Amino acid sequence: MAGVSKCESCEYYDYDELTETYQCTMSLDEDEMVKFLGRRTSECPYFKFYDEYKSVQKQN
C-alpha cells in the first residue's frame, strides 16, 4: 500500500489523557472536514511525519 499514511508516525497523532486514546489533533474547519470525510482514498492529505530529532536540532 504505497502512499498510504500511517497515523502512528504522524505529527498530529497524540495521546489524549482524558479519554485514554490516541487521536488526530489536526484542526479542520467545517468545510475542510466535509472535504476530508468525503475523500474516496485512505491517504491523508494532512499527514506530516513526526521527527523527534527536529526539536533537538533546533536547540543546538
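Since every read-out is calculated from the coordinates, none of them should be taken as a lab result. Note that the structure is predicted; figures quoted are calculated from it, not measured. Backbone-built Cβ (ideal geometry, glycine too); neighbour counts: all protein chains shown.
Here are the numbers for the structure shown:
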| read-out | value |
| --- | --- |
| For Cys10, distant residues with modelled amide H under 5 Å away | Tyr50 |
| Distance in nm between pseudo-label sites at Glu8 and Cys24 (7 Å out along the Cβ direction from Cα) | 1.8 nm |
| Ranked packing of 15-21, 45-51, most packed first, by mean Cβ within 10 Å | 45-51, 15-21 |
